[in-house]
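Everything on this sheet refers to the single structure shown next.
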Amino acid sequence: MEFLVEVTLQFMDKISFLLGAGFSRPAGYPTAWDLKEKITKLRETDFYVDQSGSVVLEFNQVDPCDYTSYCSYKLLLLDLIDSYAKLVQFDYERFFDFLRNQKKSRYGILPLAFRFHYKKKHHIDYDYGTTMMHLLNIFNQIITQLIVDSDGNNAYGDEVLKKPNADHYTQFLNLLEELGKENIIHLHTLNHDLLINKLLNSEWINGEWTDGFILNESPFYGNDGSKDIQLEQFSNLYDAKYNLYKLHGGLDFIPYRKKNGTLDNYIKIKPTIHITSLYKKSTDAEDEPNDITHYHTDFLTGSNSKIIRYKDPIYFENVFKRFESNLKASKVLIIIGYGCNDSEINKILISWSQRSKIYIVSPRPNKNVKRLASKLKAIIIDKKTEELSLTDF
């Protein structure tokens with residue numbers, strides 16, 4: 001029976017989706033402007049970094065780790081955010097690039113300022129490279145915790161979403177269900193949030209989906225405070241009716257590194273499991289984690305930095321290869337909520353634009369959307385996600 005299902009899926013037509021930030025907006029997830037407002041208003045009493053390097057977002061609280069070097073990093077980061085915002089219009093992705101690529105930045109005064117001002121002011125004994133590594137880790141974690149829906153959630157558990165109502169996404173799920181009757185659906189998302197996971201874990205999809213992570217034979221474990229729990233590992237297997245590819249990474253998986261610091265694999269992390277409890281069942285000591293400060297959710301940010309990482313091994317390189325091959329094989333591409341600002345994504349789309357019928361769902365499309373639509377010979381659907389129906393395509 002399993003063989004028959006695999007053969008049936010193999011010969012079904014393919015339809016691809018590309019989801020951008022606008023897709024998550026109806027659920028209350030923040031826009032780039034919202035994140036800018038929240039980040040630039042952060043104060044030292046709004047979060048702290050514990051001794052494992054994990055950020056804890058608690059507003060108007062005294063820092064319980066104010067005696068550690070992480071407190072110095074926190075204060076330095078806030079100082080840099082404030083200084084950067086005075087130089088240019090703050091954008092969190094460009095600020096990430098500013099930190100990561102200081103020597104190439106036109107505001108590349110930070111190495112000098114670090115030695116003669118910030119280092120002394122914040123009592124930091126580590127070198128410039130080590131400090132920048134910690135600042136990037138802390139900043140990424142802050143972004144992670146600010147990406148929440150209108151109810152303050154960024155994780156949804158295993159509860160199945162029931163028919164017939166899924167708030168703003170009922171029509172989208174109806175569309176997926178109908179298209180999935182005769183097609184394989186490839187869902188590519190640029191969003192870090194777990195909204196699409198929540199929607200796929202629904203009665204509309206009926207368990208027929210995968211994100212490339214599997215539990216079977218995974219050697220990775222973590223402890224939830226009472227027991228060890230087996231964790232899913234990335235397999236690069238996409239063999240379901242609905243297949244999800246997180247092109248920019250997600251809030252629910254992290255890189256697991258060997259003792260020598262090299263990347264072993266990506267693993268799914270659960271909210272109840274602390275990063276310090278992660279381990280790999282093996283008799284080989286080299287498989288033990290090297291540095292727990294490496295372990296935070298891995299997603300791509302930075303206007304240029306994320307493009308550089310598109311070829312990172314194991315996860316990102318593989319999902320981008322899948323993205324291109326899926327576009328090549330699909331008879332239809334449906335783009336929803338994409339602002340068309342990622343140059344590398346645009347390049348990939350244009351490379352395969354002659355092979356598919358393309359629709360861009362964008363209420364009140366801006367000039368970037370119209371420009372890309374013209375290059376792709378795409379049809380613009382001036383509707384919100386909650387207004388979509390099968391007849392639109």
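The values are calculated or read from the model by the stated rules, or taken from the named source; none is laboratory data. It should be emphasised that the depicted structure is a prediction, and the values quoted were computed from it without experimental measurement. Because the Cβ atoms are built from the backbone with ideal geometry, glycine has one as well, and the counts that use them run over all protein chains shown.
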How many residues of region 352-369 are more than 20 Å from T391 (Cβ to Cβ) and assigned to a strand (DSSP E or B)? The answer is 0
The residue that is surrounded by the most Cβ atoms within 10 Å (Cβ to Cβ), considering only those in region 377-392 that are touching a Leu at 6+ places or on another chain (Cβ under 8 Å) and at pLDDT 95 or above, is A378
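Table: residues versus (1) buried (at least 19 other Cβ atoms within 10 Å of the Cβ); (2) in contact (Cβ under 8 Å) with a residue 40 or more places away in the chain; (3) of a type outside the set (G, A, S).
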site: G28; (1), (2), (3): no, yes, no
site: T31; (1), (2), (3): no, no, yes
site: D34; (1), (2), (3): no, no, yes
site: Y48; (1), (2), (3): yes, no, yes
site: Q51; (1), (2), (3): no, no, yes
site: E58; (1), (2), (3): no, no, yes
site: Y70; (1), (2), (3): yes, yes, yes
site: K86; (1), (2), (3): no, no, yes
Review point. Does Y92 fit the bill of being closer than 30 Å to R364 by Cβ, modelled with pLDDT of 90 or more and aromatic (F, W, Y)?
Key: no
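Residue by residue, here is whether (1) in a strand (DSSP E or B); (2) within 27 Å of G337 (Cβ to Cβ) holds:
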{"site": "H188", "(1), (2)": "yes, yes"}
{"site": "D193", "(1), (2)": "no, yes"}
{"site": "I196", "(1), (2)": "no, yes"}
{"site": "G207", "(1), (2)": "no, yes"}
{"site": "L237", "(1), (2)": "no, no"}
{"site": "L244", "(1), (2)": "yes, yes"}
Given (1) at pLDDT 95 or above; (2) among the β-branched types (V, I, T); (3) within 28 Å of A32 (Cβ to Cβ), I184 misses just (3)
Okay, strands (runs of 3 or more DSSP E) sitting entirely in region 8-83 with 3 or more residues that are within 22 Å of L199 (Cβ to Cβ), I get 13-19
Checked I292, I269 against criteria (on the phi < 0 side of the Ramachandran plot, surrounded by fewer than 21 Cβ atoms within 10 Å (Cβ to Cβ) and at pLDDT below 90); the one match is I292
Exactly one of L327, L333, L349, L372 is assigned to a strand (DSSP E or B) and either touching a strand residue (DSSP E or B) at 6+ places or on another chain (Cβ under 8 Å) or among the aromatic types (F, W, Y) (or both), and that one is L333
Within region 157-189, the residues that are over 21 Å from F393 (Cβ atoms) and surrounded by 17 or more Cβ atoms within 10 Å (Cβ to Cβ) are L161
| said: F323 - would you say it is within 24 Å of the chain's Cα centre (by Cα), under 25 Å from F234 (Cβ atoms), at pLDDT below 95 and crowded, with 16+ Cβ neighbours inside 10 Å? | reply: no
Note: among K328, K227, just one is touching a Phe, Trp or Tyr at 6+ places or on another chain (Cβ under 6 Å), modelled with pLDDT of 90 or more and more than 28 Å from Y92 (Cβ to Cβ), namely K328
Subset of region 342-367, residues under 17 Å from V319 (Cβ atoms) and surrounded by 21 or more Cβ atoms within 10 Å (Cβ to Cβ), comes to I345, L349
For this session: Report yes if some residue within region 222-232 is touching a helix residue (DSSP H, G or I) at 6+ places or on another chain (Cβ under 9 Å) and in contact (Cβ under 8 Å) with a residue 60 or more places away in the chain; otherwise report no.
Result: no
When region 152-186 is checked residue by residue, the ones that are over 24 Å from K270 (Cβ atoms), in contact (Cβ under 8 Å) with a residue 24 or more places away in the chain and not in a helix (DSSP H, G or I) are K163, G180, E182, N183, I184, I185, H186
Among the residues that make up region 23-44, is at least one of them polar (S, T, N, Q), under 18 Å from D151 (Cα atoms) and at pLDDT 90 or above? yes
Among (1) in the same structural domain as F323 (by TED's automatic domain parsing); (2) buried (at least 20 other Cβ atoms within 10 Å of the Cβ); (3) β-branched (V, I, T), I138 falls short only on (1)
The one condition K306 fails out of (1) modelled with pLDDT under 80; (2) surrounded by 18 or more Cβ atoms within 10 Å (Cβ to Cβ); (3) not in a helix (DSSP H, G or I) is (3)
